[in-house]
Amino acid sequence: MTKADRVWGVVILVFGGIYLLEGIRIPPAAIGDPLGPRTFPTILGIVMAACGAYLILRPEARTAPPALQRRVFGPVLALSVLLIAYALSLAWMGYPVATCLFLLGAAWMMGERSPIRAGLIALLFSVGVHLLFTRFLNIPLPIGLLEHLGLP
Amino acid sequence: MAETLQHLGYGFTIALQPINVLYAFLGCLVGTLIGVLPGIGPAGGMALLIPLIYGKSAASAVILLAGIYYGAMYGGSTTSILLNLPGEAASVVTTLDGYQMAKQGRAGPALCIAAIGSFIAGTLSVVFLMFIGPPLARFALRFGPSESFALMVFGLSTVSSLAGSSLLKGTISTVLGLMLASIGLDLPTGLQRYTFGIDKLMEGFDIIVAAIGLFAVSEIFTALEEISAGTLERVKVSRIWISLRDFLDSVGAILRGTALGFIVGAVPGAAHVTASFFSYALEKRFSMHPETFGRGEIRGVAGPESANNAAASGALLPLLTLGLPASTVTAVLYGALLMVGVRPSPFLFQRHPDVIWGLVASMYVGNIMLLILNLPLVGIFVRILSIPPRWLLPIVLTISFVGVYSVHNSALDLVLATLLGLLGYLMRKFNYPLAPVILGLVLGDLLEQSIRQALMISGGEIGILFQSSISKLLFALALVVTFAPMILRHLRGQEALPTSQNGEKRA
């Protein structure tokens, strides 16, 4: 853990420093406001950077280092990319289509290998949630591509 | 006293009208659903459903909305316990021990105690509301900026009980939360801070986005990793109903959580999130076995869940007795009251007794309904865990995302939740606790604004922070909470040390 703590100490120190620099750039506009919009971020930046520095100097050596192997981290990154793609396509693809595709992708990633079962679950679930939100709870969701089909 | 009971009797004649019983039931049902669905909290849910109250009588409208409110407070714990997925911000604390219980196969008892605790808290706090409401509301109004600041400092001091093994890493997590809170428009000056020119960030960082990202998304990343490595263990459900012993263990925590939650809820701005964090810290601090917390301690579920529900009633207090909305939820309720022609004011009880006493009586009815509704659901909810992970995990992701998305219709929120999920995944790996981030995010705004307002009032004189007895007390409590564990450990250490050295008990 010692080495990992040192690495994270550097990351935290740098992050605190950037936050601090960005905070100092906030205009001091403070008429009748003794602290102004700048003081609080400045303090936070200093505390964060100090914590990072402390971690570099005095790393904790209590627990075993976690394994962050590429074999394990690969799927995590792939799922994040899929999630971001899902988020960005939600508006134009529409909720039912995007969700159905996302479910197929994610379930395949997690080991589902039967295309018929996967398709059925993904389709039923995405349409079901869409109806639950838009019909029962009156919460609008984007319909996207399906609009052109003239569905209600 | 007798007069209050007479009024309450009148209230029941309104609340027990069949149409109002139906509305209370509908409100509870929809509220539970909203609570179970992550993302949409009680305030958002009520605001979305306001159109439902058009054309209904004032009493019915209020009963319906209040049902949604406490239904959502009940339901919020379900996904926290089963899936480590906080349905709303106040349930973040419930994940700490609730999810651990579920992992040990005790999801049933955890869900039961959450429902029972919520029921006891909900029922008792209505009693509080009736009898000690008005004086407590006046006390709560004495919370000016400096008292709020003291309360927030006290809130931050509870971090030491959430931090886990390393106080340094707990501090880093908290500061990260405070930093996230500083994103957005600075209200007193109208300046943008840390928005990097992104308009959507002006409204600030939504707590729900952080809670879903850090807890739910990162949980799924961790599970995915275990699937890839072939080490994912399926949860076995050992029992569904709670044992008498579990219940007796939790009664104290439920009662303490109720009292604490009601008081904190009545304080303007503090909200039920703070109440549940306070209750958790209290239970852990004064427990004989603090080391069991975070490892599936039932009191760590019972206390915060009760506090959370009592705070919901406490928050109604300033609205009902003084006509002031003191939280987002009561602000929505305030708007709804105006819509149906009731003007909230200190004279609400005199001018609209049908609305107020109908509401109070319906809260008794609603709480019983929620218990009846929720206990049988426990058996069904627990079965969610037997869905194969390859389907459960993607479905959980889409449900969390639809909740987050429906709040602001913003894809940016979803991207942020994903990035926070990656961050949370790394933080878990390297032993950084996640709950303090949420605590910092919740307290950050109020912490900064209250000290700035206090110093604006005093013209920069720092002494204003320590003037009132309330703030002195709160600062003192913050010191006690922070240093009590060290002192206790010191005292116990001195007692234990000679024993271990001599191998025999000291006389």
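A short reminder: the numbers here are calculations on the coordinates, not readings from a lab. None of these values were measured; they are calculated from a predicted model. Cβ: placed from backbone, ideal geometry, glycine included. Neighbour counts: every protein chain shown.
In table form, for the structure just shown:
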{"item": "R0 of 30 Å, Cβ-Cβ distance B:LEU187-B:SER469: FRET efficiency to nearest 0.05", "result": "0.55"}
{"item": "Prolate/oblate/rounded label for the range B:169-312 (Cα gyration tensor, a/c 1.5)", "result": "oblate"}
{"item": "Set of aspartates and glutamates with alpha-carbon distance to B:LYS200 below 14 Å, sequence-local pairs under 8 removed", "result": "B:ASP413"}
{"item": "Listed residue (A:PRO115, B:GLY335, B:GLY358) projecting farthest to the positive dipole end of the protein assembly as shown, Cβ model", "result": "A:PRO115"}
{"item": "Inter-label distance, nm, simple model (7 Å from Cα along the C-beta direction), A:LYS3/B:THR292", "result": "4.0"}
{"item": "Stretch in chain B that is longest and holds no trypsin sites (Lys or Arg not before Pro) that DSSP places in a loop and that have at most 15 other beta carbons within 10 Å", "result": "B:296-504"}
{"item": "Exposed-site-free run, longest, chain B (rule: chymotrypsin sites (Phe, Trp or Tyr not before Pro); DSSP loop; at most 15 other C-beta within 10 Å)", "result": "B:348-507"}
{"item": "Overall Cα dimensions of the range A:2-57 - principal axes, largest extent first, Å", "result": "47, 15, 10"}
{"item": "Approximate spin-label separation A:THR42-B:ILE19, in nm, with each point projected 7 Å along Cα-to-Cβ", "result": "6.2"}
{"item": "Length-normalised contact order of the range B:1-85 in % [C-alpha pairs under 8 Å, at least 6 apart]", "result": "40"}
{"item": "Overall Cα dimensions of chain B, principal axis frame, Å, largest first", "result": "72, 63, 60"}
{"item": "Reachable lysines, given that their alpha-carbon falls under 28 Å from the alpha-carbon of B:LYS429 and they are not under 8 places away in the same chain", "result": "A:LYS3, B:LYS103, B:LYS169, B:LYS236, B:LYS284"}
{"item": "Added length on full extension, which subtracts the Cα-Cα distance from 0.36 nm per residue, B:GLU226 to B:GLU461", "result": "79.1 nm"}
{"item": "Shape of the protein assembly as shown, Cα gyration tensor, a/c cut at 1.5", "result": "rounded"}
{"item": "Residues listed by number, the range B:332-360, amide nitrogen under 16 Å from B:TYR10 label point at 7 Å toward C-beta", "result": "B:347-360"}
{"item": "The range A:93-141 - Debye-derived log10 I(q)/I(0), Cα point model, q = 0.25 Å⁻¹", "result": "-0.85"}
{"item": "Label point distance in nm, B:SER243-B:SER345, each placed 7 Å from Cα along Cα→Cβ", "result": "5.8"}
